[in-house]
Amino acid sequence: MERSELADFLRRRREQLTPTEVGLPPGSRRRTPGLRRDEVALLAGISTDYYTRLEQARGPRPSTQVLAALTRALRYTSDERDHVYFLCEHSPPGGSGPDKHVGPGMMHVLAKLDDTPAAVITDLGETLVQNRMHMLLVGDQTVLTGRNRYFAWRWFTDPAVREFCPPGDVDRISRRQVADLRATAARRAKAPDVLDYVGALRAASTEFEQFWNEHLVSVRLSDVKSIVHPEVGAIAFDCETLLTTSATQRLLIYRPRPGTDAAEKLELLRVIGTQRLGGSEPVSPLYSAAVAEQRRAAVPD
């Protein structure tokens, strides 16, 4: 591992970024330009001490999970992301599957949506990055591991996930999930990650298998939905989906539905999140007890 090279590359990018560019308040009394180390650590979801050791060329080799978080936090391009992986003697992500690196352009847009829940997911529904309001709404999904990172997997295999949804919407959401996944499977025919995921869902859920056999197909670009939050109640949204040029990543935007109390409830949710001590996260109906325990165990040191 090229510790000195990595340390220099991280430090230089940190000093080039401003808080506004990454969606943080500008603050005051900054003695040096750029971001502080604790701000990078916050964005990447790691401890400040761990990040500091990396910049001082004395830390252990980061895992691929930590590198993925760091390269997103520091707004690296795909080429720069690969360089970081090579410096740490890891193979860059990619290969035959979709690229899961969220580029600086998408991260910039996400940072600007500070008053609206938004997230970037893959075309299979894996959560890659969320903004603060999305985490307050549904919890931090990025620390989940394995297939629990994928919404359809949780939806069809964990009954507790559906508690966030009004009962009348369950069948419609199930069908939309299957139809969207069918469209992805056709577009990326014979892709190993798609075949593996669809096969696992068909084996794990008789409901999914039933809908899959109906050959439902539709790309989910817009939707109307309600999310029942345990602290503020049901919030109605107009949901928009923006696709990257390759269509392998999607930016989900949850706009408060006009004519409802959604905007007021989102503001209340923001206040609740701000008042929490120690940065603890809200209870989310999107997780069963087992998944919540996995989240706590999966947070990087």
Open item on the list: Looking only at residues that are within 11 Å of the chain's Cα centre (by Cα) and open to solvent by 40 Å² or more (accessible area, probe 1.4 Å) in segment 131-148, which one is farthest from GLU231 (Cα to Cα)?
Closed with: ARG132
TODO: Could you grab me the full set of residues in segment 121-156 that are touching a residue at least 40 places away in the same chain (Cβ under 8 Å) and under 15 Å from ALA44 (Cα atoms)?
DONE: LEU128, VAL129, ASN131, ARG132, MET135, ASP140, GLN141, THR142, VAL143, LEU144
TODO: Considering each residue of segment 152-169, count those that are more than 15 Å from HIS229 (Cβ to Cβ) and either aliphatic (A, V, I, L, M) or crowded, with 20+ Cβ neighbours inside 10 Å (or both), and give that number.
DONE: 5
- [ ] Select from segment 1-44 the residues that are closer than 22 Å to ASN131 by Cβ and outside any helix (DSSP H, G or I) and list them in ascending order.
- [x] LEU17, THR18, PRO19, GLY23, LEU24, PRO25, PRO26, GLY27, GLY34, LEU35, ARG36
Open item on the list: I'd like to check something: does segment 97-111 contain any residue that is of a type in the set (A, V, I, L, M, F, W, C) and farther than 26 Å from LEU243 by Cα?
Closed with: no
- [ ] Would you confirm whether any residue within segment 147-163 is touching a Pro at 6+ places or on another chain (Cβ under 6 Å), farther than 19 Å from VAL120 by Cβ and in the same structural domain as ALA118 (by the TED database)?
- [x] yes
Open item on the list: Looking only at segment 45-64, count every residue that is loosely packed, with under 14 Cβ neighbours inside 10 Å and assigned to a loop (DSSP other than H, G, I, E, B) and tell me the total.
Closed with: 4
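The rows are residues; the columns are (1) outside any helix (DSSP H, G or I); (2) modelled with pLDDT of 90 or more; (3) open to solvent by 40 Å² or more (accessible area, probe 1.4 Å).
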residue	(1), (2), (3)
GLU80	no, yes, yes
GLY95	yes, no, yes
MET106	no, no, no
THR116	yes, yes, no
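Residue-by-condition table, conditions (1) open to solvent by 20 Å² or more (accessible area, probe 1.4 Å); (2) within 19 Å of GLU126 (Cβ to Cβ); (3) at pLDDT 95 or above:
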residue: ARG182; (1), (2), (3): yes, yes, no
residue: ARG187; (1), (2), (3): yes, yes, no
residue: ASP193; (1), (2), (3): yes, yes, no
residue: THR206; (1), (2), (3): yes, no, yes
residue: GLU214; (1), (2), (3): yes, no, no
residue: SER222; (1), (2), (3): yes, no, no
residue: GLN249; (1), (2), (3): no, yes, no
Task: Given (1) open to solvent by 30 Å² or more (accessible area, probe 1.4 Å); (2) in contact (Cβ under 8 Å) with a residue 60 or more places away in the chain, number of the condition LEU87 does not satisfy - done: (1)
Open item on the list: Can you pull out every residue in segment 7-44 that is more than 25 Å from the chain's Cα centre (by Cα) and either open to solvent by less than 20 Å² (accessible area, probe 1.4 Å) or without any contact (Cβ under 8 Å) to a residue 12 or more places away in the chain (or both)?
Closed with: ALA7, ASP8, ARG12, GLY27, SER28, ARG29, ARG30, ARG31
TODO: Give the residue, chosen from HIS101, HIS90, that is farther than 24 Å from GLU21 by Cβ and assigned to a loop (DSSP other than H, G, I, E, B).
DONE: HIS90
TODO: Take LEU201 and decide whether it is closer than 16 Å to THR122 by Cβ and in contact (Cβ under 8 Å) with a residue 40 or more places away in the chain.
DONE: yes
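For segment 164-191, give me each residue that is free of Cβ contacts under 8 Å to residues at least 60 places away in the same chain and either among the charged types (D, E, K, R) or not assigned by the TED database to the domain that holds SER205 (or both).
ASP169, ASP171, ARG172, ARG175, ARG176, ASP180, ARG182, LYS190
The values are calculated or read from the model by the stated rules, or taken from the named source; none is laboratory data. Quick caveat: nothing in here was measured; it's all calculated off a predicted structure. All Cβ positions, even for glycine, are placed from backbone atoms using ideal geometry, and neighbour counts span all protein chains on display. Just the protein is used for accessible areas: all its heavy atoms, side chains included, with ligands, DNA and RNA removed. Shrake-Rupley method; radii C 1.70, N 1.55, O 1.52, S 1.80 Å.
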